[in-house]
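Visitor: Got a structure for you, written out below as structure tokens; questions coming shortly.
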Amino acid sequence: MKMNWVNKLFLCVLMAANLTVFGQEKPSNANSAHPIEEQDIHYRLRLWRRMDLNEKVNKPFFSINHQISKFLIDWVRAGILTPYKSDSLNVKLTLEQFNENLKLEESLGGGGLSEAERSAGFGDENAATPAANSAAPAGGADDGWGSAAPAKKEDAAAPATDAFAEKPVSAQAEYYFAKDLSIIEIREDAIIDRLRSRLYFDIQSISLIIPASKTIAGFDKPIASFKYKDLYELFKNNPDCIWYNAQNDLQHKNMAYAFDLRLFSARIVKTGNIEDKFLSDLFGGERQSLLQSQMIENKLLELESSLWEY
């Protein structure tokens with residue numbers, strides 16, 4: 001009888017210890033829509049991918065009035081999506097800061113350039129011409145060869161024109177349109193799950209970026225980053241968030257499931273490294289970066305296939 005009581009006490013202590021251990025287990029990828037437990041991860045590699053929405057394979061995410069960038073902007077302004085300063089997801093952006101990042105650079109002071117960019121010489125391309133023109137003789141304007149062109153008599157007697165000859169000034173938009181924001185950066189983990197012996201790409205964050213072709217300085221300009229876990233739920237609950245199937249109108253899919261099915265093309269531009277550099281910086285150019293990106297993809301496939309060889 002006494003032995004039976006001791007066994008029961010030991011069993012209760014063991015169960016309590018197990019519950020404590022299980023209570024401490026947390027997924028290492030807490031920002032993902034499908035978190036995987038830490039103890040089930042056999043291998044993990046942090047990846048950054050660049051997704052160009054103007055590429056043919058990615059255009060289903062960028063159909064008219066259904067652009068993924070449009071939904072991100074609308075949700076932030078509606079207050080149902082939290083923007084972050086970077087993909088580390090540590091610093092939140094206010095709505096004012098988010099809107100400031102969305103402003104057209106022409107409407108910002110200094111052409112939208114930071115102090116560092118202006119000090120480096122960007123934005124001086126349209127500066128005034130040298131003072132040689134202002135030193136031209138009164139007889140006429142400098143003809144470009146160091147001498148003044150003769151003044152024309154008819155120029156002095158040119159008739160005045162009324163205001164109807166002037167073209168109306170076109171109104172300039174204050175913010176970038178959703179169709180201008182065609183670059184998305186995806187931060188994800190390539191994870192080999194030892195429980196299922198499979199390779200999973202677990203998206204952690206999505207960043208909205210203004211492409212270099214739309215900026216004065218000629219560099220990509222990040223607007224904000226978002227937790228993929230938040231986006232996934234918003235995608236699923238919004239029937240307008242469709243991945244547009246141009247081949248079959250019956251097979252439009254929700255963007256959440258399109259990301260699950262990997263119905264996009266996004267080249268690896270960076271992996272976790274000591275120097276926190278992009279592949280183009282590590283290997284000297286875009287060509288080598290592309291080759292390294294393909295090698296990384298092949299390496300991950302080989303790692304997955306090797307799990308089934310034993």
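Visitor: Consider residue 268 against the criteria (1) under 21 Å from the mean Cα position of the chain (by Cα); (2) surrounded by fewer than 13 Cβ atoms within 10 Å (Cβ to Cβ): it satisfies all of them except one. Which criterion is unmet?
Guide: (2)
Visitor: While we're here: Please work out which residue is surrounded by the fewest Cβ atoms within 10 Å (Cβ to Cβ), limiting yourself to segment 206-255 and to residues that are among the acidic types (Asp, Glu) and under 21 Å from residue 59 (Cβ atoms). I'd like the intermediate steps shown before the answer.
Guide: Step one: filter segment 206-255 for residues among the acidic types (Asp, Glu), giving 220, 230, 233, 240, 249.
Remaining after also requiring under 21 Å from residue 59 (Cβ atoms): 220, 240, 249.
Values: 220: 16, 240: 11, 249: 8.
For segment 206-255, the residue satisfying everything is 249.
Visitor: Same structure, new question: Condition first: in a loop (DSSP other than H, G, I, E, B) and free of Cβ contacts under 8 Å to residues at least 24 places away in the same chain. Now tell me which residues in segment 219-237 satisfy that.
Guide: Of everything in segment 219-237, those that are in a loop (DSSP other than H, G, I, E, B) and free of Cβ contacts under 8 Å to residues at least 24 places away in the same chain turn out to be 219, 237.
Visitor: Further, regarding this structure: Of all residues in segment 42-83 being surrounded by fewer than 19 Cβ atoms within 10 Å (Cβ to Cβ) and among the hydroxyl-bearing types (Ser, Thr, Tyr), which is nearest to residue 201 (Cα to Cα)?
Guide: 43
Visitor: Among the residues of segment 53-100, write down those that are of a type in the set (S, T, N, Q) and assigned to a loop (DSSP other than H, G, I, E, B).
Guide: Kept after step one, since they are of a type in the set (S, T, N, Q), are these residues of segment 53-100: 54, 58, 63, 65, 67, 69, 82, 86, 88, 90, 94, 97, 99.
Within segment 53-100, 54, 63, 65, 67, 82, 86, 88, 90, 94 meet the criteria.
Visitor: Oh, and also: Would you mention how many residues in segment 266-276 are modelled with pLDDT of 95 or more and part of a loop (DSSP other than H, G, I, E, B)?
Guide: Total meeting the criteria: 1.
Yes/no matrix, rows are residues, columns are (1) over 16 Å from residue 70 (Cα atoms); (2) out of contact with any strand residue (DSSP E or B) (no Cβ under 9 Å at 6 or more places or on another chain):
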position: 225; (1), (2): no, no
position: 229; (1), (2): yes, no
position: 245; (1), (2): yes, no
position: 248; (1), (2): yes, yes
position: 253; (1), (2): yes, no
position: 257; (1), (2): yes, no
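Visitor: For the condition among the hydrophobic types (A, V, I, L, M, F, W, C) and modelled with pLDDT under 90, what is the one hit in 291, 279, 263, 303? Break it down into steps so the answer makes sense when it comes.
Guide: Working: 291 fails: modelled with pLDDT under 90; 279 fails: modelled with pLDDT under 90; 263 fails: modelled with pLDDT under 90.
Among 291, 279, 263, 303, only 303 is among the hydrophobic types (A, V, I, L, M, F, W, C) and modelled with pLDDT under 90.
The values are calculated or read from the model by the stated rules, or taken from the named source; none is laboratory data. Because the structure is a prediction, the values reported are computed rather than measured. All Cβ positions, even for glycine, are placed from backbone atoms using ideal geometry, and neighbour counts span all protein chains on display.
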